[in-house]
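Asks: Have a look at the structure that comes next, please.
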Amino acid sequence: MKIRCLIVEDQLMFLELLVATLKTVPRLAVVATATNMKDGLLALEQHKPDLGIFDLFIPGGNGMKLAKIAKETVPGFECILLTGQPDQVESNPNPKKSVRAIVDKVRAFDVLLGEIDALIKERFPTLKTAARSDPGLLLTPRELEVFHRLGQGYGNKQIAAELFVALNTVESHRKSISRKLRCSGSELVRTAALYCRQAPDRGERQTS
């Protein structure tokens, strides 16, 4: 089972980045996207998503109104509202009745992933222990390749050469791994080393 997500965002580049980021989140599936109010309503009716990530200002309407409609028509629906103008949301009466969280687009990805992580833990409480103990449930295949090499004592430059990717790509993967596992620096390296010792063949299968 996965949390089914609808995204309504009219800035196409931001929408594409958002979809790509959310594809890395376990237990979350983006079932539809829309770029305006009309298509958002159609997707809402068709897919009955569990979670909506809506821009505050969308052509033909706004995310707050769409969230209110979704709350009234889809049982258990949750909404995260994105905005570049958080002050305008704060002036809205009782916005929390319609939305789970209001996220400033300047800080969107880190805050958004934190909110989704919390929602997943609420919906799937029995997965909490497993997810914390097994990075294989949290990391993408490429992140696992980087994580496995960290556990073997490789530095970022060595990993980049081993995987034939740019150094900044490795650094980006490492930041993502740190965020998902909630550890960084020497603690991350120790966690990776322990993971490799407990399941030494797991990382090799990922890279084969």
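Readers should treat all values here as calculations from the given coordinates under stated rules, not as data from a laboratory. Given the structure is predicted, the values throughout are model-derived calculations rather than measurements. A quick note on method: Cβ atoms are made from the backbone with ideal geometry, for glycine too, and the neighbour counts reach across all protein chains shown.
Asks: What number results when the radius of gyration of segment 3-128, computed over Cα atoms, is divided by 2.2 N^0.38 Å?
Replies: On the way: Rg = 13.3 Å, N = 126, 2.2 N^0.38 = 13.8 Å.
The value comes to 0.96.
Asks: In nm², what is the average projected area of the convex hull enclosing the Cα atoms of segment 134-207? If you can, show how the numbers build up before the last one.
Replies: On the way: hull surface 16.4 nm².
Computed as one quarter of the Cα hull surface, the answer is 4.1 nm².
Asks: Quick one: Asp110, Asp39, fewest Cβ neighbours within 10 Å first, how do they rank? Before the final figure, lay out each step's value.
Replies: Details: Asp110 10, Asp39 16.
Listing Asp110, Asp39 from fewest to most nearby Cβ atoms yields Asp110, Asp39.
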